[in-house]
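Participant: I am attaching a structure below and will ask some questions about it afterwards.
The values are calculated or read from the model by the stated rules, or taken from the named source; none is laboratory data. These figures come from a predicted structure and were not determined experimentally. Here the Cβ positions follow ideal geometry from the backbone for every residue, glycine too, while neighbour counts run over all protein chains shown. Note: areas computed on protein heavy atoms with side chains; ligands, DNA, RNA excluded. Shrake-Rupley method; radii C 1.70, N 1.55, O 1.52, S 1.80 Å.
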Amino acid sequence: MLENRRILLIVAGGIAAVKAPDLIRRLRERGASVRCILTKAGAHFVTPLTLAALSGDKCYQDLFDLKDEAEMGHIRLSREADIILVAPATADIMAKMVAGQADDLATTALLATDKPVMIAPSMNVMMWTHPATQANLATLKSRDVRVVGPSAGDLACGEVGNGRMAEVPEIIAALTRFFQKTEGEGPLKGLRALVTSGPTHEPIDPVRYIANRSSGKQGHAVAVALAELGASVTLVAGPTQEADPDGVNVIHVETAKQMMKACSEALPCDIAVCAAAVADWSPEKALQKMKKEPGKTPSLTLSENPDILATLSQPGPTRPQLVVGFAAETENLIENAKAKRAKKKCDWVVANDVSPGSGAFGGDSNTVHLVTGTGVESWPTLRKRAVAERLAERIATSFQRQ
Ligand code: CTP
């Protein structure tokens, strides 16, 4: 999908600029051509020589460089691309894009372009969550700027939280998805997919809730992988730290009942993948915050939540052609997964080992077994993204066979 695509990469001034060389290399490996604009601040982190050497083209830096303007004016630079990618996109460049400021080559190119723009934000967590940045993000999205990441993790500034630039493979995937979408390509083209992801929060009172452990990483990755193969994807997400994937229709919910409702409204669809860790019960919610009373232990009255996977799997006119569930187990993995498949009447179950020490919760890897009607496939330990890609490929193959 990236073959012969022309990418204008704007490298702004953040520590994640050090990922630019690898990004350029990976893009070129896929047949894309990359031309770079390096901002003044960006040049503190990566050299123009590195970017020029890896892109095989000049690295553009100065708006008032007479020679550059004679050879390739900033207007041409901004138009002779299929997409402009800003990576890293700092809080500053995002603010300038919103304001329409054009005080250097990068911002001028962004203002002068008639081409799609994608940004990969990267900044300190407080800067990212600041209402100013969030408002800027919303404005950029409303102008159709695509956004990839950021993700949560250790930040270079020593703090932990949201603000890490998306990793290079994620950026490549987002670009691939973008081009695929513009061309309506991929083996799942024309099919609709529904994915659930993350935990649900069941309120006990206005400040407390019951939840399952789930980062949403696996479910979100499945949504992305299906979209990459051309499916039109609705992702119903419980509260997670994961960013909304670009090119996927995301519906945010909090409770199991809301998740059920959002899934029912997303029907009909061809594929459903239930990766959410839905809380099995919800407490009777107290309207006010429950107060501690000495010597008294409160008890919760729980009622059963709807089983989304089992509901979607029920035979009927809106049953998706393929329903896939996940079974997170701490023991007797395959036996329990087979039993779950029979009980919930879904077509496939992805069984994953979440026993202590497996590192599955919150981690980036997963060891899974795919239980289908014809047998069990045991996959090696893979990154969650790779598990998602393999699952999406399997789904595509099963639809092709049909
Ligand atoms: N699931 C669901 N709705 C629920 C509970 C679970 O859609 N209310 C889905 C999950 O998304 C997952 C599968 O069912 O795809 C298995 O979830 P799991 O929690 O392992 O199964 P349970 O039915 O809760 O069984 P148990 O906790 O007894 O193992």
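Participant: Which members of segment 276-306 meet the condition of being within 16 Å of the ligand (Cβ to nearest atom), free of Cβ contacts under 8 Å to residues at least 24 places away in the same chain and either of a type in the set (Lys, Arg) or open to solvent by 70 Å² or more (accessible area, probe 1.4 Å) (or both)?
Facilitator: Leu302
Participant: Continuing with the same structure: If you go through segment 8-46, how many residues are crowded, with 16+ Cβ neighbours inside 10 Å, more than 24 Å from Val125 (Cα to Cα) and of a type in the set (Gly, Ala, Ser)?
Facilitator: 2
Participant: Scan Lys141, Lys96 and give me the residue that is of a type in the set (Lys, Arg) and over 20 Å from Gln241 (Cβ atoms).
Facilitator: Only one candidate qualifies: Lys96.
Participant: Within segment 307-327, can you find the residues that are open to solvent by 40 Å² or more (accessible area, probe 1.4 Å) and of a type in the set (Val, Ile, Thr)?
Facilitator: The answer is Thr311, Thr318.
Participant: Hey, another quick one. Is it fair to say Gln321 is in contact with an Asp or Glu (Cβ under 6 Å, 6 or more places away or on another chain) and closer than 30 Å to Glu265 by Cβ?
Facilitator: So Gln321 passes the test.
Participant: Separate question: Name the single residue, out of those in segment 99-113 being among the aliphatic types (A, V, I, L, M) and buried (at least 18 other Cβ atoms within 10 Å of the Cβ), that is nearest to Ala156 (Cα to Cα).
Facilitator: Out of the qualifying residues, it is Ala106.
Participant: Oh, and also: Which one is farthest from Thr318 (Cα to Cα), of the residues in segment 227-243 that are surrounded by 24 or more Cβ atoms within 10 Å (Cβ to Cβ) and modelled with pLDDT of 95 or more?
Facilitator: Here the answer is Gly238.
Participant: Considering only segment 351-370, I want to know if a residue exists there that is modelled with pLDDT under 90, surrounded by fewer than 22 Cβ atoms within 10 Å (Cβ to Cβ) and in contact with a Gly (Cβ under 7 Å, 6 or more places away or on another chain).
Facilitator: Looking through segment 351-370, at least one residue is modelled with pLDDT under 90, surrounded by fewer than 22 Cβ atoms within 10 Å (Cβ to Cβ) and in contact with a Gly (Cβ under 7 Å, 6 or more places away or on another chain).
Participant: Do you know which of the residues in segment 373-389 that are touching a helix residue (DSSP H, G or I) at 6+ places or on another chain (Cβ under 6 Å) and open to solvent by less than 40 Å² (accessible area, probe 1.4 Å) is modelled with the highest pLDDT?
Facilitator: Looking at residues that are touching a helix residue (DSSP H, G or I) at 6+ places or on another chain (Cβ under 6 Å) and open to solvent by less than 40 Å² (accessible area, probe 1.4 Å), I get Ala388.
Participant: Still on this model: What do you reckon, is Arg5 out of contact with any Ser or Thr (no Cβ under 9 Å at 6 or more places or on another chain) and open to solvent by 10 Å² or more (accessible area, probe 1.4 Å)?
Facilitator: Taking the combined requirement at face value, the residue does not satisfy it.
Participant: Quick one: which strands (runs of 3 or more DSSP E) sit completely within segment 307-382 and have at least 3 residues that are more than 16 Å from the ligand (Cβ to nearest atom)?
Facilitator: Filter on segment 307-382 gives 376-378.
Participant: What number of residues in segment 251-275 are open to solvent by 30 Å² or more (accessible area, probe 1.4 Å) and either within 17 Å of the chain's Cα centre (by Cα) or assigned by TED's automatic domain parsing to the domain that holds Val145 (or both)?
Facilitator: Result for segment 251-275: 2.
Participant: Do we have any residue at all in segment 166-189 that's crowded, with 24+ Cβ neighbours inside 10 Å and among the polar types (S, T, N, Q)?
Facilitator: No; the residues of segment 166-189 include none that is crowded, with 24+ Cβ neighbours inside 10 Å and among the polar types (S, T, N, Q).
Participant: Output the number of the condition that Arg213 fails; it satisfies all remaining conditions of (1) outside any helix (DSSP H, G or I); (2) within 12 Å of the ligand (Cβ to nearest atom); (3) modelled with pLDDT of 90 or more.
Facilitator: Every listed condition holds for Arg213 apart from (3).
Participant: OK, next. Let me spell it out: the conditions are (1) open to solvent by 20 Å² or more (accessible area, probe 1.4 Å); (2) at negative phi, and Asp144 meets all of them except one. Which number is the exception?
Facilitator: Against the list (1) open to solvent by 20 Å² or more (accessible area, probe 1.4 Å); (2) at negative phi, Asp144 comes up short only on (2).
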